[in-house]
Amino acid sequence: MEKIKQQDQKDTLARFKKEFFQPENQIYMDGNSLGLMSERAEKKLFALAESWKHHGIEGWTEGEHPWFTLAENLSERIAPLVGAGAHEVMVTGSITSNIHQMLSTVYQPSAERSVILVDELNFPSDIYAVESHLRLRGQNPETAMRKVKSRDGYTISFDDIAEGLAEDVAVLLLPSVLYRSGQLLPIRKITEAAHEKGILVGFDLAHSIGALPHELHDDGVDFAVWCHYKYMNSGPGGTGGLYLHERHHHLLPGIAGWFGSDKAKQFDMDHSFVKADGAGAYQVGTPNIFSMAPLLGSVEIFEEAGIGNVRQKSLELTRLMRELIAEQLPMLKDVTPGADEERGGHIALAHEEAARICKALKAEGVVPDFRAPDIIRLAPIALYTSFQDVEDMVGRLKRIMDQELFKNFTNERNVVA
């Protein structure tokens, strides 16, 4: 198609595609679950290993990327991607551990306010974290955690969220993008509505960081957590991140550890905890240097590409994908919101044979993502997906559906990260 050829010719991000490792003839549509490795990420991982090899313990203060300040230096570079000050962001932990840290710090239940409001479509790990945190506080999750209901099983409406902001709610914790449907929630609108009721607001940015710009500070968000291994391409189990608005920086960390202490006093080994300034206080243990290393290469790419350009191409890719699917594959139900401002970086298709279709796609050289019970998630990643890749992927999917090739596979669910 000439239009698609022209889109690729005009693509200012096309140069990055060659930097990512990908088998020939494979179309990778699962970057919203685990991003591909880039040459720069690999190089930085090897560089940090060499630092240990050559410097030993001196690597904490020697070499190109001294380990002692590596998390702080990375945080300063990640901050623009989430629209926050460098002092409000920390590369540390994982989503789940950072949820525990943030709730331990900001959640201060009273007789009048003790409920944590979540949504029923949230990623299970977030729910597990909230439930266990409430139990540690001596509260019953069945009454102290409340879920905003979905009307269609795929999306959550702002009106239903607003209706759930009752007087007994202390904290609202939501995903920025719903992992199953790709719905992008109106972060500022939700935050303002919650603050009007005296409710603190936190967001899980797992499915939005690296796919679209954020304005956490200006939006007034109280706290946020995220991973870096999806759109940010930092590798499996890569160190996550947290944000805490500066108005909360007076709070002692609910979970204190030595790397949250004032760096000037960190090696004094004093039993009196002196918290670091800013979000650095909410680190806990020694940074996982090798888990952070690939992020050094990845963030460099984002700095060159520009997150605004990434978002623009992402929208163009997903727009093309859903147009082609609507034209050629009407049997697949697109459950992702239609408006650009209401969707993240992936498209979700519902079909009762979704598990079998995903297996057939893999056999055809396409890497999709299946989510129980009936969702096929497809994520064309701006940094390494071309417009031609999208057309080719839809062509392979059409062949699978037209020839019913999915019937060669079982509909049993595979274990998927």
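Note on the chain: with a GNM built from Cα contacts shorter than 10 Å, the maximum mean-square fluctuation among R311, R135, R188 falls on R135. For the range 22-76 versus the range 84-107, the spacing of their alpha-carbon centroids is 22 Å. Put simply, the amide H of D222, placed in the peptide plane, has neighbours under 5 Å in V201, leaving out anything fewer than 5 places away on its chain.
Here the range 205-241 and the range 264-328 have alpha carbon centers that stand 6 Å from each other. Each listed q (0.18, 0.21, 0.29, 0.30 Å⁻¹) maps to a log10 I(q)/I(0) for the range 26-77 from the Debye sum over equal C-alpha point scatterers, namely -0.70, -0.82, -1.09, -1.12. Label separation (W258 vs T143): 4.3 nm, computed from points 7 Å beyond Cα along the C-beta direction. In the frame of its principal axes, the range 253-327 has Cα extents of 66, 26, 21 Å, reported largest first.
If packing is taken as the mean number of other Cβ atoms within 10 Å per residue, what is the order of 101-114, 272-285, 222-235, highest first?
Values: 101-114: 17.5, 272-285: 19.1, 222-235: 27.4.
So the order, starting with the most tightly packed, is 222-235, 272-285, 101-114.
Restricting to the range 159-284, compute how many DSSP beta bridges are antiparallel as a %, nearest 5. Approximately 45 percent, going by the DSSP bridge assignments. How large is log10 I(q)/I(0) at q = 0.10 Å⁻¹ when the Debye formula is applied to the Cα atoms of the chain, each weighted equally and without solvent? Values, matching the q order: -0.70. Model label sites at L251 and E167, defined 7 Å from Cα along the beta-carbon direction, differ in position by 2.4 nm. Across the range 110-163, the convex hull enclosing all Cα atoms gives 80 Å³ per residue. Which percentage, to the nearest 5, of the DSSP beta bridges contained in the chain is antiparallel? Just about 55 percent of them are antiparallel. Remark: the range 61-205 projects, on average over all directions, an area of 10.0 nm² (convex hull of Cα atoms). Placing pseudo-labels 7 Å out from each Cα toward the beta carbon at Q6 and E327 gives an inter-label distance of 1.4 nm. Taking every C-alpha pair closer than 8 Å and separated by at least 6 residues, the mean separation divided by the residue count of the range 45-303 gives a relative contact order of 23 percent.
Convex hull volume of the Cα atoms of the range 277-374, normalised per residue: 196 Å³.
The charge dipole of the range 45-303, taken about the Cα centre with unit charges on the Cβ atoms of Lys, Arg (+1) and Asp, Glu (-1), comes to about 520 debye, rounded to the nearest 20. Which lysines have a Cα less than 30 Å from the Cα of K265, not counting those fewer than 8 places away in the same chain? Cα-Cα hits under 30 Å: K44, K53, K275. In the chain, helices alone account for a calculated mean residue ellipticity at 222 nm of -11500 deg cm²/dmol, with every DSSP H run of four or more residues adding -39,500 (n - 2.57). For the peptides 41-52, 290-301, 143-154, the ranking by packing is 290-301, 41-52, 143-154, with the highest mean count of neighbouring Cβ atoms within 10 Å listed first. Comparing R322, R371, R399 in a Gaussian network model of the chain (Cα springs below 10 Å), the most mobile by mean-square fluctuation is R399. Sequentially through the range 220-229, phi angles give Karplus couplings (6.51, -1.76, 1.60; θ = phi - 60°) of x, 4, 6, 8, 8, 9, 6, 10, 10, 9 Hz, Gly and Pro residues having no value and appearing as x.
Ranking H249, T410, A339 by how far each Cα lies toward the positive end of the dipole of the chain (charges on Cβ) leaves T410 at the top.
To the nearest 10 degrees, how steep is helix 70-82 against the longest Cα principal axis of the chain, on a 0 to 90 scale? In the chain, helix 70-82 runs at an angle near 50 degrees to the longest axis. Residues in the range 328-339 carry Karplus couplings, in order, of 10, 9, x, 6, 9, 8, 7, 9, 7, x, x, 5 Hz; the curve used is 6.51 cos²θ - 1.76 cosθ + 1.60 with θ = phi - 60°, and Gly or Pro positions show x. The alpha-carbon of K43 sits under 15 angstrom from the alpha-carbons of these aspartates and glutamates, leaving out residues fewer than 8 places away in its chain: E19, E64, E300.
Readers should treat all values here as calculations from the given coordinates under stated rules, not as data from a laboratory. Predicted model, so just to flag it, every value in this text is computed and none were measured. For neighbour counting, all protein chains shown are included, and Cβ atoms are generated from backbone atoms with ideal geometry for every residue, glycine included.
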